[in-house]
1. Limited to the range 35-48, what total is found for residues that are part of a loop (DSSP other than H, G, I, E, B) and either acidic (Asp, Glu) or within 18 Å of Gly120 (Cβ to Cβ) (or both)?
2. Which numbered condition trips up Gly64, out of (1) modelled with pLDDT under 95; (2) over 16 Å from the mean Cα position of the chain (by Cα)?
3. Does Ser106 fit the bill of being within 30 Å of Glu38 (Cβ to Cβ), among the hydroxyl-bearing types (Ser, Thr, Tyr) and open to solvent by less than 90 Å² (accessible area, probe 1.4 Å)?
4. Open to solvent by less than 60 Å² (accessible area, probe 1.4 Å), modelled with pLDDT of 95 or more and in a loop (DSSP other than H, G, I, E, B): does that describe Gly100?
5. List the number of the failed condition for Gln125; all other conditions in (1) in contact with a Lys or Arg (Cβ under 8 Å, 6 or more places away or on another chain); (2) modelled with pLDDT of 95 or more; (3) within 16 Å of Gln46 (Cα to Cα) hold.
6. For the condition surrounded by 15 or more Cβ atoms within 10 Å (Cβ to Cβ), over 14 Å from the mean Cα position of the chain (by Cα) and either modelled with pLDDT under 95 or not hydroxyl-bearing (Ser, Thr, Tyr) (or both), what is the one hit in Val50, Val70?
7. Right, Asn75: modelled with pLDDT of 65 or more, loosely packed, with under 11 Cβ neighbours inside 10 Å and out of contact with any helix residue (DSSP H, G or I) (no Cβ under 9 Å at 6 or more places or on another chain) or not?
Amino acid sequence: MAPPLRPLARLRPPGMLLRALLLLLLLSPVPGVWCFSELSFVKEPQDVTVTRKDPVVLDCQAHGEVPIKVTWLKNGAKVSENKRIEVLSNGSLYISEVEGRRGEQSDEGFYQCLAMNKYGAILSQKAHLVLSRIGSRW
C-alpha cells in the first residue's frame, strides 16, 4: 500500500510557497490578476541651450500603473502652466517662447519632472535650461 500523500506546503520551508505564488503572479500577466507596477522613466529631461523667444520641449515620459500625473519643477518650485508654458499629454514640458530679458521672469534654470501614481512618486534628473546670449540684446 502506498504511503499517504503529504500536503505540498509541508515539503517546503515556511513562506516559500507564498513567495513562489507571488513571483508567479508578478511574472505572468494573467487576465484579471492585478500586478504591482513600479514607476520608471522612459525619457528624462536633458540640458538645453536656447535663444530667447525660441520654443523648447523638455522631455519627460514615465511608465507604470496608470493614471500617472506629471508635475514640473523649476529650481525646486512647481511650474505653473500659462499661455506660454504647457505640460503635454505625454508628460513633456513645452515652452512656446523662452523668456529671459532683464526685469522679466526668466525661464532659465534647473528643471525636473515629478511623476506620481497611487503607489508613489519619482523625480527625474535635473536639466539645465540656459539662454544663449550670442546675438541677443542683453
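1. So in the range 35-48, the residues part of a loop (DSSP other than H, G, I, E, B) come out as 35-39, 44-47.
In the following step, the residues that additionally are either acidic (Asp, Glu) or within 18 Å of Gly120 (Cβ to Cβ) (or both) were identified as 35-39, 44, 47.
Looking only at that region, the number is 7.
2. (2)
3. For Ser106, the condition - within 30 Å of Glu38 (Cβ to Cβ), among the hydroxyl-bearing types (Ser, Thr, Tyr) and open to solvent by less than 90 Å² (accessible area, probe 1.4 Å) - is not met.
4. no
5. Of everything listed in (1) in contact with a Lys or Arg (Cβ under 8 Å, 6 or more places away or on another chain); (2) modelled with pLDDT of 95 or more; (3) within 16 Å of Gln46 (Cα to Cα), Gln125 misses just condition (1).
6. None of the other options fit; the residue is Val50.
7. no
The values are calculated or read from the model by the stated rules, or taken from the named source; none is laboratory data. From a predicted model like this one, the values you see are computed outputs, not experimental measurements. Counting neighbours? That spans all protein chains shown, and the Cβs are built from the backbone with ideal geometry, glycine included. For accessibility, only protein heavy atoms count, side chains too; no ligands or nucleic acids. Shrake-Rupley method; radii C 1.70, N 1.55, O 1.52, S 1.80 Å.
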